[in-house]
Each structure stands twice: as C-alpha cells, then as structure tokens.
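Written out below as structure tokens is the structure these notes cover.
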Amino acid sequence: MLAYLVRRLLVMIPMMLIASFLMFVVISFSGDPLAELKTMQPPPPPEVLHAMAVKLRLDQPLLDRYWMWLSGLFVGDFGPSIHNIDIGAELVKRLGVSLRLLALGIVLAFLMAVAASVIGAVLQFSWADHIISFVAVAMISMPVFWLALQLKRLAISINQELGFRLLYTSGDGAGMTASTPWDRVLLLIGVLALPTIALSMQAFGTWSRYGRVALIDALNSEYVKLARAKGLSETRVVLAHGLRTSLAPMLTVVAAGGAGILGESVVTETVFQWRGMGDLLVTGIQNNDVYVVLGWLLVAGLIIMVFNLIADILYAVLDPRIRYER
Amino acid sequence: MPSSTPASAMSDRAVEIGQAPAQEQVYRPWRAIARKFFSYKASVVSLVILILIVLFAFAGGPLWKYSYAVSTSDLSAPPSWEHPFGTDHLGYDLMAGVMRGTQRSLSIAGTVAVLATLIGSIWGAVAGYVGGWADSLLMRIVDLIMIFPLLAVAAFLARQSQGGEHGWLLVALVLATLSWTVLARVVRSVVLSLRTREFVIAAKIAGAGPVRIIFRHLLPNTVGPIIVAATVLVASAILSETALSYLGFGVQPPDTSLGLLINQAQGAISTRPWLFYFPGLFIILIALCVAFIGDGLRAALDPKQQRK
C-alpha cells in the first residue's frame, strides 16, 4: 500500500508539470492580456503599455516566461498581477474559505447519496424508490445557480417568519463576529447552510443513481447470498456486506466528479457572494489577470489529483478484492 | 425481385396457413430498438416535450408578436394573456426572451454534442485500436484535460473571444474542445473489447487498412454507447452553457441565453420572481427530457437489459 502511495505521488509530479505547461501555453496563446488597456480611450501612453508588458513578462519568449513562472512557484511567487495582487497569499486565504464549502458539500452529497441508494436498492421499485429516483434526476437537471437563487428566496421568507436572521443569503461570514459560543455556532450554520445545500444537490443526484445500481448489483451477488444463508440479520447483510463493496464503484464516480464540483463551487460562491476561490477566478478572468487564472488552475488541478488519490486509497480499503501490490 | 403481386399473394397465403411471412424473418435491429424505445413511456413523453420546446424556440420567435430585442411599454408586468411570461423592468417581453434564449442554448448544446462526439469517438477509436504508446499518449492527454474544471477553463477562453453575432458559436466551440474527453474514454473501452473479435481480424486479413477498419468496422459497432454518451453531453452542455452565461462569460447581450436571462433577473429575486421561474423551468425541462430520452435509448440499445 505504502509503495503504491509513493508511486502514485511520484507520478503526480510529471503529470502536474506537463499539465502546467499545457495550461501555460493555452492561456498565453488565447489572448493579449493588454488588449483592453490598448483600446482604452484616450489611449494610454506607450511608456505605460511598455512598462506593463515588461511587468507581465510579455517581452520575454514563451519558454522563458514559463520557466520564470515555474521556478517562481517554488519560492512562493505566483507571478505578476495586473492589479498588484499577491497571488500566492490571496490563493491561500481564499482556499481556506472555499475548502470549507467544498468539503462540507461533498460530505453532505455523499451521505445523502448513500442513504438514498440504500433505500432505493432495498425497497427497489417501491414508491420511495420512485420518488428518490425522480428527485435525483431532477437535481441533476437543475442548474446550481438557479437552485441557489431559489434557496435564497426561501431563506428570506424563513428569516421573516422567524423574526431574526438565521440564514445568511450573502457573504462567507468574514468580518462577522459573535459573542457567545452558541451565537458562533448559529452564525456558522447560517453562513454555510444554503451554499452547502446548493452545492451538494447535483452531486447527490448523480452519485445516488450510481450508488443504487451498484448496491443492487452487490445485493444480487454470491457473497451476499452466503451472508444471508449464514443467518446474518438483513441490516448486517445490507450494510456490512452489500454497501461496503458497492461504495467502491461509487467512489470512482465521486472522484470523477471532483472537477465538476469545483466548477460548481465557483458558481455557488458567486451566487452567495463569497470571497473565496470562485470570486478570485471570476474577477481574475474579468480583469484578464492571467497569472491569477494560472495560479487558480494550478491549485484546482492539485486538489483534483489529491482527490483522485484519496478515492483510490479508499477504494482498496472498502473492497477487499482490490490489491495494489504487484 | 419478382413483381410484387405474386409475392404478396404468396405471403398472404403463408399467413393463412399459419406460417410467418418471409419478410418478418429478416432481422432489423434498428426497428427492434425503436420499438423498445417507444415502449418506455417516460422517454416517449420526454421526446414529445423536447420536440415541442424545439418548435417553441425556433418557430415561436418569428411568430410571436414581441421581439426579445424590442422593449414594450409594459414595465414589470406579471404573467398575463398579453405577456404570458411577464415582462422585466425595462419592458422586454420575457416569452420572446425565453424563445430566443432557448434557441441559443439548444444551438450551443447541439453543436457541442455533435463536435465533441465526433472528436471524442475518433480519438477513442484510434487510441483503442492502435494501442501501445499511441494509446498511452492519447489517453494521457485526455487525463490532462480532465484534471482542470471545465467551467473555469471555458470561462477564461470564452472571455477572450466574446461578443459579436457569432458569439454563441464561439461558446459552443470552447465547450466542445473541452468536453469530448468523456466520449473518448467510452469509445476506447468499447473498441478495446472489439479489436480482437473475428470480424475485425477478417477485415484485417482481407487487407483493410487501419483507417478503413476504424471507420467501417469499429465505429459503427460503437454507435449504441456513443448515442447514450452523446445525450449525456447534451444535458451537461446545456448546464455548462447556462452556468457560463450566468457568470457573464457566455452569450453576451444584446443576444440572450437562458443562463443570461437568469443572471439579469437575479436582482429582482423577490419583486419579479417570474423573471427567473420561466428561464429556469426551460433549462430544467430540457435537461430532464434529454436525461429521460437517454435512459430510454440506453435500455433500448442494451441487449442485456430486458423490460420487466
């Protein structure tokens, strides 16, 4: 297992290097970061344009620029920004905000998907199964920003009913303080509840559909028949023998959905006006701040790779038939 | 073939004496698949609704009395007979907007599905059939593209080339170049299982080159999985496009799309809720219908799956 882990981590290094180069080339060729500055009225003086080009290293050849960027990364320098943002520091700060949402959203989606697939597989073709299946398909078909806006609307009326602000419809909680521990918990719930639900629903829909099929397959297999024949209780059969192995194929789907969830978190954060990774990316793209976008994609790629690695490790833990040793 | 009269007389007689007519014995896989597909109620209903939505979007625009680009004097009107979907604060008729937006969103999703299916299936078939280092190289490229969140890369690329009358086409091209990877993986796995089958070996012995084998023998046999994956692509392309337009990096005003309509309506979340009910409803309806059609196709194309 340890050897496998080391091998996987070592493979990640060249993968990330190639990916970063590919990304750098695509982004460098896709447009001129100074295009907007050049079309400004009145046009800025040529010295300003030149100084900007030098600052963004546009006077250097592409390979040199890539090398400067890559070597800078090792000392925490993520490259120059049009708006003089310290990209590295900003990424760390924003990541802290966004990881809370991402982690909670994934955990919530996974737990709901597991619960839904157990109900769907054990009570196959019952009304509960049909309702859950329909909700799952509806959630897959629902754009995350639309769901988020609906939740916001719902929260406004809930707050009005309660007479105080329980659910926050905008902001990530930064700058808000609470005096008592109870208030702090309430604030945390209020800030996180809506974005987490909005983010988790689409993933829940996809994962529960795969989970249901995987669990039905597992419950029809020989080892589950054996477990039943041994006289184990149905709960034990379903949870310890069926569910455990069916979680493994489900994890592949979860891992494959990592990039998608990261994209949806950008949309969710935008709806709820969080100052997280999503906002950093959106304003970075709006300002054509290429090194911000590059840094963002690098972090996103790393997160997804680590995510895939964790899924593969859990895969082996859950399904005893899978062995990574040669 | 002899003239039809004696043949039909023959088959009539055959029916009379209790034998199946000869032409019934010809195996027509596509007819069987179509019959199976049409036995799934949810898929058929979805197909009908989707066709109605397409008609509404493409034929409705020219027929409807208001244009998405011309404002009326009715400001912030809730849904009524005059404006079935209501109007916004500038007096634009929302039904005209939804027609245009659906048209754009459907065009983008359709273009993405066609392009991504073409690229992905050829890529996957070549990787699966050629094998060896070429396979490794091609599939590592797929892995590399999949590392990055599609929405983020698409937003950056679309931002670089936005605007203009053909802005929607650029959005479609960007989404297509990023979303064919799923197709490549699906087709490769099917081709891997087909490449050692007898008919491929026979074609090779008969002297067929790799191009001919891929296009004439392998790809036609992967049509089933390709169609199913393509329907998933349509649904995800609709959702990606609307998300992109919602963020402001997709279709640009004065043109409109379903995502952009919701973006423009979000300030009026509690005062003019109809402004985002209708565009949202259309996105969900399209994605739902495509999903159910895909389910029906999957079941109809899968010989292992029998209807209970």
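Where a number appears in this text, it was derived from the coordinates with a stated rule and is not lab data. Being a predicted model, the structure only gives us computed values, none of them experimental. Every residue, glycine among them, receives a Cβ derived from its backbone with ideal geometry; neighbour counts consider all protein chains shown.
Please name whichever of A:ALA316, A:VAL293, A:VAL282 sits farthest to the positive end of the charge dipole of the stretch A:272-326, dipole taken about the Cα centre and charges placed at Cβ: Lys and Arg +1, Asp and Glu -1.
Checked the options; the winner is A:ALA316.
Hey, got the dipole for the protein assembly as shown? About the Cα centre, +1 on K and R Cβ, -1 on D and E Cβ, debye to the nearest 20?
That gives the protein assembly as shown a dipole magnitude of about 2060 debye.
May I ask which residue of A:VAL25, A:GLY79, A:VAL6 lies farthest towards the positive end of the charge dipole of the stretch A:1-104, with charges of +1 (Lys, Arg) and -1 (Asp, Glu) on Cβ and the Cα centre as origin?
Value computed over the given set: A:VAL6.
Helices from chain B with mean Kyte-Doolittle at least -1.0 and a Cα length along the axis of 30 Å or more, per DSSP H: which? Let's see the in-between values first.
Values: long enough: B:94-130 (52 Å, 1.15); B:223-247 (35 Å, 1.76); B:274-301 (40 Å, 1.89).
Helices meeting the span and hydropathy rule in chain B are B:94-130, B:223-247, B:274-301.
Given the DSSP H assignment, sum -39500 (n - 2.57) over each helix run of at least 4 residues in chain A and divide by its residue total; what's the result at 222 nm in deg cm²/dmol, nearest 500?
Helix-only estimate at 222 nm: -25000 deg cm²/dmol.
For the protein assembly as shown, what does the alpha-carbon gyration tensor say about shape, rounded, prolate or oblate, given a ≥ b ≥ c as the root eigenvalues, a/c under 1.5 as rounded, and a/b over b/c as prolate? Intermediate results must be reported in sequence, preceding the final value.
Working: a/c = 1.38, a/b = 1.29, b/c = 1.07.
Taking the square roots of the gyration eigenvalues as a ≥ b ≥ c, the protein assembly as shown is rounded.
7 Å from Cα along Cα→Cβ at both A:GLN286 and A:ILE216: what's the point-to-point distance in nm?
For the pair A:GLN286/A:ILE216, the computed spacing is 4.6 nm.
Quick one: net charge around A:ASN288, please, counting Lys, Arg +1 and Asp, Glu -1 for every other residue with C-beta under 10 Å from its C-beta.
-2
State the Kirkwood hydrodynamic radius of chain A in Å, one decimal place, computed from all pairs of distinct Cα atoms.
22.9 Å
Give the order of A:LEU104, A:LEU151, A:LEU2, B:LEU183 when sorted by the count of other beta carbons within 10 angstrom, beginning with the fewest.
A:LEU2, A:LEU104, A:LEU151, B:LEU183
Under a crude label model (7 Å from the Cα following the beta-carbon direction), how far is B:ARG212 from B:GLN266 in nanometres?
Roughly 5.6 nm, to one decimal.
With +1 on the Cβ of every Lys and Arg and -1 on the Cβ of every Asp and Glu, and nothing else charged, how large is the dipole of chain B about its Cα centre, in debye rounded to the nearest 20? It would help to have the intermediate numbers written out before the result.
Working: 23 positive and 15 negative charges, 233 e Å.
Dipole magnitude for chain B comes out near 1120 debye.
Could you pull out which residues in the stretch A:264-292 have an amide N less than 13 Å from a spot 7 Å beyond the Cα of A:LEU99, following the Cα-Cβ vector?
Output list for this probe position: A:277.
Ignoring everything except DSSP H segments at least 4 long, calculate the 222 nm mean residue ellipticity for chain B; use -39,500 (n - 2.57) per segment, divide by total residues, nearest 500.
Theoretical 222 nm ellipticity from helices: -22000 deg cm²/dmol.
Could you line up B:ARG195, A:ARG153, B:ARG104 from fewest to most neighbouring Cβ atoms inside 10 Å?
A:ARG153, B:ARG195, B:ARG104
Are there any helices in chain A, counted as whole DSSP H runs, that stretch 27 Å or more along their axis by Cα and score at least -0.5 on average by Kyte-Doolittle, and if so which?
What comes out of the filter, once short or polar helices are dropped, is A:2-29, A:87-122, A:181-219, A:290-318.
Positive end of the charge dipole of the stretch A:180-326 (Lys, Arg +1 and Asp, Glu -1 on Cβ, about the Cα centre): tell me which of A:THR270, A:HIS241, A:TRP207 has its Cα farthest that way.
A:HIS241
With +1 assigned to the C-beta of every Lys and Arg and -1 to the C-beta of every Asp and Glu, and no other charges, what is the dipole magnitude of the stretch A:1-135 about the Cα centre in debye, to the nearest 20?
360 debye
Taking the alpha-carbon distance from B:LYS41 and a cut-off under 12 Å, which aspartates and glutamates remain once sequence neighbours fewer than 8 residues away in the same chain are dropped?
B:ASP295
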